[in-house]
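*Asks:* The structure under discussion is supplied below as structure tokens; questions concerning it will follow.
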Amino acid sequence: MYKEIKDKIWYLGMNDRTTSLFEAIWPIPKGISYNSYFIDDEKTVLIESMGEAYYSHYIAELKHLLKGRQLDYLIINHIEPDHSGAIKDLRREYPEMKIVGNKKTLDLLKSFYNITEKTLMIDEEQTLNTGKYTFRFFITPMLHWPETMFTYEVNTKTLFSGDAFGSYGALNGGIIDYETDVAEYRSEMRRYYVTIISKYAAQVQSAFKKIGDTEVDMICPTHGPVWKELVGEVFEAYDKYSRNISDSGVTIVYGSMYGHTAQLADTIALKISQSGVKEIRVFDSSHSDISYILSSIIHYNVVIIGSSVYNAMLMPNIEKLIDAIKDRKIQHKDFASFSNYSWAPAATKRFDYFAEEIGWQKLDPTIIQKSNEADENRESEIDKLCSYIVERVNSNPL
Ligand SMILES: Cc1cc2nc3c(=O)[nH]c(=O)nc-3n(C[C@H](O)[C@H](O)[C@H](O)COP(=O)(O)O)c2cc1C
Ligand SMILES: [Fe+2]
Ligand SMILES: [Fe+2]
């Protein structure tokens, strides 16, 4: 699939609608695209390449764009195999092609593909001129691999950003944001961020510092649509996520075997909703993939987690969730918990310990129910908790 997206800059990518789990972990029910870019200058340039499985289609399209010319440069912003598996075949096809990367890229190029010849090591002081166009490089380590960098074409102000600003979801014909319905890509960009990038929030901020006030007209990531009209919105979203700034709203997640904890979740959601809050998302952790839950958690400022007690611990998916939150160091949330038990109410302690460890603001009271027992205080406790939650939602600046 190819298309000229700017003067002599071509999108060249593939849609994958057959892989179920990206990185063998994250569900991609709407698929994913692998994007590379071809620049038809005096020298010919490819930015990123392709996974091995797509090589035969990819090379046919690349040859079509090259119209019999040689490929002069391959710039690698990110060498994860979803973008680089085709390199060995490409090198065979274009033996003179120079592979451009930073020191860490070239280390990884050797360890993945045993390629050490015809490489060009660049750093941030260097530029690469290909005729009409000039490329400069922002080395942005750990977005999300050590070699990751941005390549910037100076004349067209085009930022080739690697995985940063990418989204899940195969492309639906439209390649540039204004050519497609972006609603789903917006939320899939956030889910991509939380699954792939969020552990490196500090490095996102360093990358922003590095690009400083460099003007960006178009962002060309390795997955999902090219951003043109929404460049400002996309930068702002990444800035917010990486600084833990949340929109006003509530994520409620629960783990429940026999429905008692689930009932509490719905009671709490209903109460909050009756105060006029619309931004509430309720997830059953046994049903919704953790990536969707984490995406909601970074989106909204209040997080409420419930669990039945399971072998003196939380339900396994809830344990997994709190570990994932800790791993990503997600900050600045207001937090409440609820639980159901039958003989030893072990959940509260675990939730309190978690809140303390992560540094989230705990809202009281904690709601605890024993099996299906009625408790005359419970309703007023839920009312009290929900009024604090609504207060936190309404006082969030965004
Ligand atoms: C495998 C298993 C382990 C459990 N472990 C505990 C426990 O350690 N402490 C406790 O109080 N209840 C324990 N329970 C009981 C449930 O937490 C309790 O029945 C609760 O009401 C279930 O809530 P739910 O309907 O939301 O699933 C366990 C139940 C099961 C099936
Ligand atoms: Fe990657
Ligand atoms: Fe990628």
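The values are calculated or read from the model by the stated rules, or taken from the named source; none is laboratory data. Predicted model only: the values in this text are computed from it and were never measured. Here the Cβ is made from the backbone with ideal geometry for all residues, glycine too, and neighbour counts use every protein chain on show. Quick note on the areas: whole protein, heavy atoms, side chains included, nothing else; ligands and nucleic acids left out. Shrake-Rupley method; radii C 1.70, N 1.55, O 1.52, S 1.80 Å.
*Asks:* With respect to the cross-link table entries Lys3/Lys210; Lys333/Lys384; Lys43/Lys240; Lys132/Lys240, which display a Cα-Cα separation exceeding 28 Å?
*Replies:* The pairs that break the limit, which is 28 Å between Cα atoms, are Lys3/Lys210; Lys43/Lys240; Lys132/Lys240.
*Asks:* Still on this structure, please answer the following. How big is the Rg/Rh ratio for region 248-395, C-alpha atoms only, Rh by Kirkwood, two decimals?
*Replies:* Ratio of gyration radius to Kirkwood radius: 0.92.
*Asks:* What is the local net charge at Thr116, summed over the other residues whose Cβ is closer than 14 Å to its Cβ (Lys, Arg +1; Asp, Glu -1)? If you can, show how the numbers build up before the last one.
*Replies:* Working: positive: Lys88, Arg91, Lys98, Lys103, Lys110, Lys118; negative: Asp107, Glu117.
Neighbour charge sum, excluding Thr116 itself: +4.
*Asks:* Ok, one more. Normalising by the residue count of the chain, find the relative contact order in percent from Cα pairs under 8 Å and 6+ residues apart.
*Replies:* 11
*Asks:* Of all alpha-carbon pairs in region 1-77, indicate the percentage at a distance above 20 angstrom.
*Replies:* 33
*Asks:* Quick one: 3J(HN,Hα) in Hz for region 312-328, Karplus 6.51/-1.76/1.60 with θ = phi - 60°, rounded, Gly and Pro as x.
*Replies:* 6, 10, 7, 4, x, 5, 6, 4, 5, 5, 5, 5, 5, 5, 5, 4, 8
*Asks:* Pull up all non-local amide H partners of Asn340: gap of 5 or more, or a different chain, and H-to-H distance under 5 Å with H placed in the peptide plane.
*Replies:* Placed amide hydrogens put Ser307, Ser308, Val309, Gln369 under 5 Å from Asn340.
*Asks:* Give me the one-decimal Kirkwood hydrodynamic radius in Å for region 1-142, with the sum taken over alpha-carbon pairs.
*Replies:* Computed over Cα pairs of region 1-142, the Kirkwood hydrodynamic radius comes out at 15.7 Å.
*Asks:* Could you tell me the accessible area of Lys271 in Å² (1.4 Å probe, neighbours in place), rounded to the nearest ten?
*Replies:* Here the residue's solvent-accessible area equals roughly 50 Å².
*Asks:* Moving to a separate point now. Whose amide H sits under 5 Å from the amide H of Ser286, counting only residues 5 or more places off or on another chain, with H placed in the peptide plane?
*Replies:* Ser256
*Asks:* A further question follows. Can you list residues from other chains, or at least 5 along the same chain, whose modelled amide H is less than 5 Å from the amide H of Ile75?
*Replies:* Leu46, Ile47, Glu48, Val100
*Asks:* Suppose every Lys and Arg Cβ carries +1 and every Asp and Glu Cβ carries -1, with no other charges. What dipole size does region 248-395 come out with about its Cα centre, to the nearest 20 debye?
*Replies:* Numbers: 15 positive and 19 negative charges, 69 e Å.
Rounded to the nearest 20 debye, it is 340 debye.
*Asks:* Report ³J(HN,Hα) in whole Hz for each residue of region 29-45, in order, from the Karplus equation J = 6.51 cos²θ - 1.76 cosθ + 1.60 where θ = phi - 60°; Gly and Pro get x.
*Replies:* Here the 3J(HN,Hα) series is x, 9, x, 7, 10, 10, 9, 10, 9, 10, 10, 8, 9, 4, 9, 9, 9 Hz.
*Asks:* Can you work out ³J(HN,Hα) from phi for every residue in region 385-398, in order, using Karplus 6.51 cos²θ - 1.76 cosθ + 1.60 and θ = phi - 60°, giving whole Hz and x for Gly and Pro?
*Replies:* Result, ordered by residue: 4, 5, 5, 5, 4, 4, 4, 5, 4, 6, 9, 5, x, 9 Hz.
*Asks:* How much net charge surrounds Val302 when only other residues with a Cβ under 12 Å from its Cβ are counted (Lys, Arg +1; Asp, Glu -1)? Could the numbers behind the result be given before it?
*Replies:* Values: positive: Arg281, Lys333, Lys362, Arg392; negative: Asp247, Glu279, Asp334, Glu391.
Once positives and negatives cancel, what remains is 0.
*Asks:* Over the chain, give the accessible area per residue in Å² for a 1.4 Å probe, as an integer.
*Replies:* About 43 Å² of surface per residue is accessible.
*Asks:* Next up: In region 4-101, if the dipole is taken from +1 on Lys/Arg beta carbons and -1 on Asp/Glu beta carbons about the Cα centre, which of Leu62, Ser20, Ile9 is farthest to the positive end?
*Replies:* Result: Leu62.
*Asks:* Here's another thing I want to ask about it. Summarise the long-distance tail of P(r) for the chain by giving the % of C-alpha pairs beyond 39 Å. Walk me through the intermediate numbers first.
*Replies:* On the way: 21979 of 79003 pairs.
Result for the distance tail: 28 percent.
*Asks:* Additional query: When the Kirkwood hydrodynamic radius is evaluated over all pairs of different C-alpha atoms of region 214-267, what value in angstrom, to one decimal, is obtained?
*Replies:* The answer is 14.7 Å.
*Asks:* Roughly how many whole Å is it from the C-alpha centroid of region 196-222 to that of region 317-390?
*Replies:* The two parts, judged by their Cα centres, are 35 Å apart.
*Asks:* Using a 1.4 Å probe and ignoring any ligands, DNA or RNA, find the accessible area of Tyr178 and quote it in Å² to the nearest 10.
*Replies:* 120
*Asks:* Run through region 185-282 and list the GluC sites (Glu not before Pro) located in a DSSP loop whose Cβ has at most 13 other Cβ atoms within 10 Å.
*Replies:* Within region 185-282, the qualifying GluC sites (Glu not before Pro) (loop, at most 13 other Cβ atoms within 10 Å) are Glu215, Glu229.
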